[in-house]
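Below is one structure, written out as structure tokens, with a few remarks after it.
The values are calculated or read from the model by the stated rules, or taken from the named source; none is laboratory data. What you see is a predicted model; the values in this text were computed from it and never measured. Because the Cβ atoms are built from the backbone with ideal geometry, glycine has one as well, and the counts that use them run over all protein chains shown.
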Amino acid sequence: MYDRYVSPLSERYASREMQYIFSPEKKFRTWRKLWIALAETEKELGLPITQEQIDELKSHQDDINFEVAKEREKIVRHDVMSHVYAYGVQCPKAKGIIHLGATSCYVGDNTDIIIMAEALSLVRKKVLNVLDELSRFADTYKAQPTLAFTHFQPAQPTTVGKRATLWMMELKMDLEDIDYLLGSLRLLGSKGTTGTQASFLELFDGDHEKCRQLDQKIAEKMGFPGCYPVSGQTYSRKVDSRVLSVLAGIAQSAHKFSNDIRLLQHLKEVEEPFEKTQIGSSAMAYKRNPMRSERMASLANYVMADMMNPMMVASTQWFERTLDDSANKRLSIPEGFLAVDGILDLYLNVVDGLVVYPKVIEKRLMAELPFMATENIMMDAVKAGGDRQELHEKIRTLSMEAGKNVKEKGLDNNLLELIAKDPAFNLSLDELKAAMDPSRYTGRAKEQVEEFLEEVIRPVLDENREELGVKAEINV
């Protein structure tokens, strides 16, 4: 096992559940389900196919003779016909009606849609669980004041919980995209070699209605509301592009979160989980590197770059189809899903174990708060009889002096002391310190968290309660 390349997506990052969805067994079992659906529907529409043949196909639906197909493919160089042959070896009575009237894309493309839909459902489940975990975090820290940043420069305070809602809002947008995409997915159906259903029109003696019914019945048997109304030999490769676009959207959201956590960990305000035996650095034993968040960012970069693959494939397909999509699809679609699966497991794991340090948060906030409280201080001084214009200029000058003390001399912020010494403000140091309650400066942050959770997030979680309760397993 150590003498050949193995994808890190399988070995290190993606869950077994997602790996199975893109496994050969899942693919070829789905092919056989599609062949059964085709045979059943053709029988229902009057073709001379017997129930005995269909029963024979069903009896070998899951016991795939992989080795027979593999040996046959060495001879014919065609994966679909190799599996038609292998299925026929197991089902001699039904051998002649397997894949009747169909092209390779009947099993290939329909299976791709089915697998992507199932994979999207798993991604959706994990997004919901991340939202669920984040909702608890946001609720817990909804009133915890913290220094906010614009341009990574100190700005008006917010709360730890409010910051978490920013992460949640982006995931909620991703969830909406997933739901829209899942609701719009359709099967290719049985469209024939150039999408005209010519072979099926021949089988049904020119009956156009039966050709229409064939598509609809197969779609319903496979759990879909219908098929794309028109296509070439394949479904439009823009479908793949739309799928990867949604996955890349999730990657963007996760990357933003991971960046914030990495910055917060640098500030020692919030840390991702760190296990007792975990090593942060081979050289610096004291280090607690945010490796989970860094891995999220790394995988997210991969997915966002991977989005280019189906875009290029879709834009360069010739007429009714070419085959330069095949090798690319085999890589870009599964690996995009496997990477996003790994990202969401990491996201869930990190949020589940986030460590918040309120004292550090408070210390940093209080060091900056005097600057942000100057408007309130000025108003209090005006109420005490001061002149606003004069006070504004004095506060500007004193703020610059305090800033110089902090930046050039490495001293603590002494703006309050400077203001207290100036008789123009007529405010004591105790009065000024009393104005330094951080909750006075967080606006509606706490209320926004409560409203967002109650009105936006909890209805979604309540509607999907059966999907919750997932715990992520991190391999390394």
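Miscellaneous remarks
- Each residue in the stretch 261-293 was checked for being more than 30 Å from Leu182 (Cα to Cα), assigned to a helix (DSSP H, G or I) and either at pLDDT 95 or above or charged (D, E, K, R) (or both), and 6 of them qualify.
- Some residue of the stretch 192-202 being among the polar types (S, T, N, Q), in contact (Cβ under 8 Å) with a residue 40 or more places away in the chain and in a helix (DSSP H, G or I): yes
- Ile377 vs. criteria more than 30 Å from Ser236 (Cβ to Cβ) and not small (Gly, Ala, Ser): yes
- Flag if Ile474 is aliphatic (A, V, I, L, M) and either assigned by TED's automatic domain parsing to the domain that holds Glu294 or closer than 29 Å to Asp345 by Cα (or both): yes
- The sole residue among Lys329, Lys363 that is outside the structural domain of Phe137 (by TED's automatic domain parsing) and of a type outside the set (A, V, I, L, M) is Lys363.
- Among (1) loosely packed, with under 12 Cβ neighbours inside 10 Å; (2) under 29 Å from Gln144 (Cα atoms); (3) modelled with pLDDT under 85, the one test that Gly410 misses: (3)
- Cβ-Cβ under 6 Å pairs, at least 6 apart or on other chains, the stretch 91-108 side touching a residue at least 40 places away in the same chain (Cβ under 8 Å), far side hydroxyl-bearing (Ser, Thr, Tyr) and in a helix (DSSP H, G or I): Ile98/Tyr87; Gly101/Ser199
- Listed conditions (1) part of a helix (DSSP H, G or I); (2) of a type outside the set (D, E, K, R); (3) surrounded by 13 or more Cβ atoms within 10 Å (Cβ to Cβ) are all met by Gly96, apart from (3).
- Residue match in the stretch 129-141 (condition: at pLDDT 95 or above, outside any helix (DSSP H, G or I) and not assigned by TED's automatic domain parsing to the domain that holds Ser332): no
- Residue in the stretch 1-54 that is nearest to Ser82 (Cα to Cα), counting only those that are aliphatic (A, V, I, L, M) and not in a helix (DSSP H, G or I): Ile49
- Residue-level analysis places Thr159 among those that are modelled with pLDDT of 95 or more, closer than 30 Å to Val470 by Cα and in contact with a Pro (Cβ under 8 Å, 6 or more places away or on another chain).
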